[in-house]
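Below: the structure, in structure tokens.
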Amino acid sequence: MENQFDYIDRQILSKLRDDARKAFSQIAEELNVSNSLIHQRIKKLTAEGVIKNAEFVLDEKKLGYKTKSYTGIRLREARFAKEVMRELEKIDEIVECNFVSGSYAIFILTYTRDNEHLQKVLYDKVHLINGVAGTDSFICFDTCFKRNSVIQ
């Protein structure tokens, strides 16, 4: 896929990164191209798997989830990784799970109502998963920015 994107593709992806709900006609107008060209390019980018889906971004704090935490998970043995990740996916408060290198095998992102709720998720759910040896959590005070991949 590398270097297969021309200027128009990159501009379309940039516009969609800023606002996934932006009307195709508005993108066409901003790029000074036809509406049908935008439709064709987005259809192509979707078929190639570059665009997976358009998402709504929820404000977790307004939904009552005031504690955002990154947690590193150590495993008893590497062979437990897939099983542990399958079990982590069943826990609603975990919104992201990454298989990583380093001291931790898995890094998760959780949203909980407060620190007490986080403690319950970790000790009553995560620590009970077969293969989990321990966790270290890092409370996120604020998210300064968040964006999709670089488009160049």
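Tally time: how many residues in the stretch 56-89 are closer than 15 Å to GLY134 by Cα, within 17 Å of the chain's Cα centre (by Cα) and at pLDDT below 95?
0
In the stretch 1-55, what count of residues is obtained for those that are among the charged types (D, E, K, R), part of a loop (DSSP other than H, G, I, E, B) and farther than 18 Å from ASN148 by Cα?
Final tally of qualifying residues: 1.
Scan the stretch 68-92 for residues that are surrounded by 16 or more Cβ atoms within 10 Å (Cβ to Cβ) and among the basic types (Lys, Arg) and report the count.
1
Do you know which residues across the stretch 112-139 are under 18 Å from ARG86 (Cα atoms) and either among the small types (Gly, Ala, Ser) or part of a strand (DSSP E or B) (or both)?
Across the stretch 112-139, the qualifying residues are GLY131, VAL132, ALA133, GLY134, THR135.
The values are calculated or read from the model by the stated rules, or taken from the named source; none is laboratory data. Only a predicted model underlies this, so the values are computations on that prediction, with no experimental measurement involved. A quick note on method: Cβ atoms are made from the backbone with ideal geometry, for glycine too, and the neighbour counts reach across all protein chains shown.
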